[in-house]
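The values are calculated or read from the model by the stated rules, or taken from the named source; none is laboratory data. Keep in mind that what you see is a predicted model, and the values were worked out from it rather than measured. Methodologically, a virtual Cβ is constructed for each residue, glycine included, from the backbone with ideal geometry; neighbour enumeration extends over all protein chains shown. Just the protein is used for accessible areas: all its heavy atoms, side chains included, with ligands, DNA and RNA removed. Shrake-Rupley method; radii C 1.70, N 1.55, O 1.52, S 1.80 Å.
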Amino acid sequence: MSEAADPSASRVRPGDELRHRILVALADGEFHSGEALAGALGVSRAAVWKHLEALAEAGLGLDRQRGRGYRLTHPVELFDADAIRAAMGSPWNRQLQLHLPAAVASTNQFLADLPADARPQACLAEGQAAGRGRRGRQWLSAYGAGIPLSLAWHFPVLSAGVSALAPAIAVSLAGALEALGARGLRLKWPNDLLCEQGKLAGILIELRGAPEGPCDVIIGVGINWALPNEPVDQAAADLSAVMARPSRNHLAGMVLGRLCDDLGRYAEQGFAPFADAWAERDALAGRSVTLDLGTRQVAGCAQGLDEAAALCLREADGSLSRWQVGEVSLRPARSN
C-alpha cells in the first residue's frame, strides 16, 4: 500500500481503512458477494454493506446485482509508489519521500504532522475526509476518484517570498496536464485551474518559517480526476472535460516531477519564469471582477498580474491597484 504510511487514528476517520480494503478487493472489476467480502475481511456482512453504501455516497460507481454481489462500474487504479516514481522522469524520483496512506483527514495535515526534513516529502491518499481549500473551504475527495496530493518542500533561502508561489504552482500544474494532452485550461488568480465546464483543480499553500527563508512550505493540490456525485461548493469539472483521462499514477508522477523541477526555478528566479505562461492562460484579464477582501469588496477590471504575481485591478475611478490576497469573482454583465 505504501512506502511510508501512517494510518493513525488522529488522521483517519474510523472505517476508512476498512473501506480501503473493500476497494482493493473490488478493484479487479469482478462481482464479489457480500458474504465473500465479509469472510475475506473478517467483518460482518452488515459492516460490508454499510461501508459499500458509504463508498457509493462518496461517488464510487457501484453495480449491485442480486445473487451476484457487488462490483465497480469503472476500474479503480490505486496509487502505486513504483508507478508514480517511474512517471516522475527526473532525479527527484530518487530523493522524494513518498507516503501513500489509504485515507487521511488531509494530505497537507499528514505532512505537517511529520518531523521536519530537508528532503522533499509527498503524500497522496485514495481519499481524504477533511481536505481544506482557501478560506477554510472543504475539499473532499471521493475514494479512488481524485488526486489529493501534498508536497512538503524546504527552502533554505527564498528571496522571492511565498506570495507568488500559488500562481507559479498553478502554471506548473497546467503544464503537467497539457503535456498529457489537456486543452482549454485557464488559470484564475491566485490558485485555481479552470476549464469551460468549471473548476478542475485548486491549490493551498501553507508556510512554516520565515517567508524569505529558511522555511518549509506544504503545497496542497486537489485535482478532479473524476467527480463525486455532489460537487463541493461551486461549478466543478473533472479531467474528462479537457482530455482522455490518464492513469492516476502517471498523472501523479508527472505532476510531482514538474512541481519539484519548478520549485527549484522559483527559488532562484521567483515568478518571472512563469509570468508569460500565466498571461497566456489568464481567465480574468480584461474582465470585470469583484475582489473580496473579507471586510470589504473592490470592483474593477482585471489587468493581469505584475512581476510579483499581484492582481492588477483598474478601479472605477481609473486608478490601478495591486493586490496580493483576496478572492475574485466575475461580475455579471450589465443588461441593456
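Just one of (1) outside any loop (DSSP other than H, G, I, E, B); (2) touching a helix residue (DSSP H, G or I) at 6+ places or on another chain (Cβ under 9 Å); (3) farther than 29 Å from Cys123 by Cα; (4) among the aliphatic types (A, V, I, L, M) trips up Leu259, so point out which. Only one criterion is unmet by Leu259, namely (3).
Go over the candidates Ala309, Ala302, Ala316 one by one and state the one that is of a type in the set (A, V, I, L, M, F, W, C) and either touching a Phe, Trp or Tyr at 6+ places or on another chain (Cβ under 7 Å) or closer than 20 Å to Ala272 by Cβ (or both).
Numbers: Ala302 fails: either touching a Phe, Trp or Tyr at 6+ places or on another chain (Cβ under 7 Å) or closer than 20 Å to Ala272 by Cβ (or both); Ala316 fails: either touching a Phe, Trp or Tyr at 6+ places or on another chain (Cβ under 7 Å) or closer than 20 Å to Ala272 by Cβ (or both).
When all the criteria are applied, what remains is Ala309.
Residues in region 18-42 that are free of Cβ contacts under 8 Å to residues at least 40 places away in the same chain, aliphatic (A, V, I, L, M) and open to solvent by less than 50 Å² (accessible area, probe 1.4 Å): Leu18, Ile22, Ala25, Leu37, Ala38, Leu41. Looking at region 233-268, which of its residues are crowded, with 17+ Cβ neighbours inside 10 Å and among the polar types (S, T, N, Q)? Within region 233-268, Asn249 is the sole residue that qualifies.
Being open to solvent by 40 Å² or more (accessible area, probe 1.4 Å) and under 22 Å from Gly304 (Cα atoms) is the filter here, so list the residues in region 198-223 that pass it. Ile205 - this is the single residue of region 198-223 that is open to solvent by 40 Å² or more (accessible area, probe 1.4 Å) and under 22 Å from Gly304 (Cα atoms).
If the condition is being open to solvent by less than 30 Å² (accessible area, probe 1.4 Å) and more than 20 Å from Glu77 (Cα to Cα), then region 43-53 contributes Ala47, Val48. Applying the criterion of at least 2 residues that are modelled with pLDDT of 90 or more and either surrounded by 14 or more Cβ atoms within 10 Å (Cβ to Cβ) or among the aromatic types (Phe, Trp, Tyr) (or both) to the helices (runs of 4 or more DSSP H) found wholly in region 59-119 leaves 81-88, 107-112. Ala226 satisfies every condition listed in (1) at pLDDT 95 or above; (2) open to solvent by less than 40 Å² (accessible area, probe 1.4 Å); (3) in a loop (DSSP other than H, G, I, E, B) except (1).
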